[in-house]
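Values quoted throughout were computed directly from the atomic coordinates according to the rules given, and no laboratory measurement underlies them. Only a predicted model underlies this, so the values are computations on that prediction, with no experimental measurement involved. FYI the Cβ positions are ideal-geometry reconstructions off the backbone, even for glycines, and counts take in every protein chain you see.
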Amino acid sequence: MAWDEWEQLKADAASGAAPHMRLNQLDPGSGPVRPAPDPGRYGELRANQSDLAKIGTNAFKLYNDLWDKGRRAVPTSESAAGALGKGGFALGSALQHVALRWDEQLGSLRDACAHISNHMTVTTKLHAGDDHYIRRQMSSIDVLDAGFDERVGEAGKHNPVYGEKDDKKGKS
């Protein structure tokens, strides 16, 4: 590019007459500017017991599949590495190193899958217990609240939560 052409392009850009590139922003006249979304508007992250169980089940299946299918290459590679090494090829030790690293990485991946599976199983059981505990506590609070709350019946009248009035005793 010639120097004169460069100077002309700079002058055009400075005058605003020529179209030019804008980085990291939207053209102010191209549409409405929307505020950032309110995170509270979308609710909370929820995961129910069946979601957690599915994650755990899939992690367990992956754990088993990695053992069944991921280990297939290791014995073949190790025997090929041994044969190449005995034949005097340097490739034998390199292939042995690859097979060893593959086995190590496969073990790490299987450990991670087992950890996820176990964690989801424990989490499912813990949260199910928590849910039952909270439900029991809330139901007992409702009974207590109904017994002490005047809104259950009219003020000064018999509260139906305590049962029907026994006429034999004269009191409820």
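Details
- 12 Å beta-carbon shell around ASN64, net charge (K/R +1, D/E -1): +2
- Count Lys and Arg as plus one, Asp and Glu as minus one, and take only other residues whose Cβ is under 11 Å from that of GLY92; the net charge is then 0.
- In order along the stretch 59-75, the Karplus-derived 3J(HN,Hα) couplings, from 6.51 cos²θ - 1.76 cosθ + 1.60 at θ = phi - 60°, round to 5, 5, 4, 5, 4, 5, 5, 5, 6, 5, 9, x, 7, 4, 6, 5, x Hz, and Gly and Pro are given as x.
- Extending 7 Å from Cα along the Cβ direction at ASP68 and again at ASP130 yields two label points whose distance is 3.4 nm.
- Around ASP4: net Lys/Arg minus Asp/Glu count, Cβ-Cβ under 15 Å: -2
- Between VAL98 and LYS54, the FRET efficiency estimated from the beta carbon spacing at R0 = 35 angstrom works out to 0.50.
- Straightening the chain between GLU78 and GLN8 buys 18.4 nm, computed as 0.36 nm per residue apart minus the Cα-Cα spacing.
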